[in-house]
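The structure appears right after this line, and notes come after that.
Please treat every number below as a calculation from the coordinates, not as lab data. Please read these numbers as outputs of a predicted model, since none were measured by experiment. Backbone-built Cβ (ideal geometry, glycine too); neighbour counts: all protein chains shown.
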Amino acid sequence: MKQLSSKIVSQLEREILAGRLPSGERLPSEEKLCAEFKASRTVIREAIQQLRGRGLLRSEKGSGTYIADPSLESLGSAVETYSALAEDADFLDLIDFRILIESECAKLAAKRAGERVISNLRRIIENMEKTRGARNQFSEYDIAFHLTIAKASGNDIYSILLGALEKRCIDYAQTNRGNDDWYDIVVTQHREILDAIESGHQQTASDVMRKHLLASRRHFVDLEE
């Protein structure tokens, strides 16, 4: 059943990407798809769910399923779904991708960030200080710090992609680390990133962000080994 579902997903995806199923058009009914692919409703529904997760389909309650309109939100949804389902080996690739994006975001933020962004980042770090040891709250502020920098980069694609990746990456770090020393290290590294951005030192901001994220990557590799 899984093999057939994957085949249906691949074929419908080709139809959508080739424009033969244009955005905004309603997807054929489950009955028609069952007949076309000689598959059960369960298989068709599984295929539709996968395509929805990739951001290629959208559902309207009481109306049906439609080919999704191109949007950054769809892109983010597809990446978030992939990151949530990715195996550990693929997760390492996501970490590398995140390092690449965030290093550039920090560099651009050092160039473009105004006083409002700096104040927001400073306030987030203060809240991180107050929530040491409280994993969930600390994680929320950690995510907010990185997303604020991504938005300050001025690149909407960076911001959307990072928003899709950030939660799993930081949740993973929170689950596998969490002693007092770790909280101290994270806060200190975040302060270094903020100092570089506030000073407008673009390359330094990029370098300290990369250093911060490489530490998480090394920890992940150590756990795998």
Length gained if A86 through Q11 is fully extended, taking 0.36 nm per residue and subtracting the Cα-Cα distance, is 24.8 nm
In degrees, nearest 10, the alpha-carbon axis of helix 41-53 is tilted away from the dominant principal axis of the alpha carbons of the chain by 30 degrees
Helix 135-152: inclination vs the chain longest Cα principal axis, degrees, rounded to 10, gives 90 degrees
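With runs of 4+ DSSP H residues as the only contributors, calculate the mean residue ellipticity of the chain at 222 nm using -39,500 (n - 2.57) per run, divided by the residue total and rounded to the nearest 500. Walk me through the intermediate numbers first.
Numbers: 10 runs with 174 residues, N = 225.
Only helices count here, giving -26000 deg cm²/dmol.
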Note on region 74-224: contact order normalised by length, alpha-carbon pairs under 8 Å, 6 or more apart, percent, works out to 38 percent
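Loop-only check: which GluC sites (Glu not before Pro) in region 53-131 are DSSP coil with at most 14 other Cβ within 10 angstrom? Write down the numbers at each step before the final one.
Details: sites: E60, E73, E80, E87, E102, E104, E115, E126, E129; in loops: E87.
Here the GluC sites (Glu not before Pro) that fit, given the DSSP loop and packing criteria, are E87.
State the Kirkwood hydrodynamic radius of region 81-209 in Å, one decimal place, computed from all pairs of distinct Cα atoms. Intermediate values should be presented prior to the final figure.
Values: mean 1/r = 0.0679 Å⁻¹.
Computed over Cα pairs of region 81-209, the Kirkwood hydrodynamic radius comes out at 14.7 Å.
Extension gain Q189-K130, at 0.36 nm per residue separation less the Cα-Cα distance, in nm?
19.6 nm
Once the Cβ-Cβ distance between S199 and D96 is put in as r, and R0 is 30 Å, what FRET efficiency do you end up with, to the nearest 0.05?
Details: r = 27 Å, r/R0 = 0.92.
Rounded to the nearest 0.05, the efficiency is 0.65.
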Once both label points are put 7 Å beyond Cα along the C-beta direction, the I157-R45 separation in nm becomes 3.7 nm
Per residue convex hull volume, Cα only, the chain, in Å³ is 149 Å³
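Here are some pairs, K111/K211; K130/K167; K7/K167; K2/K32; which of them have Cα atoms lying more than 29 Å apart in this structure? Write out the running numbers ahead of the final one.
On the way: K111/K211 19 Å; K130/K167 20 Å; K7/K167 31 Å; K2/K32 20 Å.
Long pairs (Cα-Cα over 29 Å): K7/K167.
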Between the Cα axis of helix 202-224 and the main Cα principal axis of the chain, the angle (0 to 90°, nearest 10) is 70 degrees
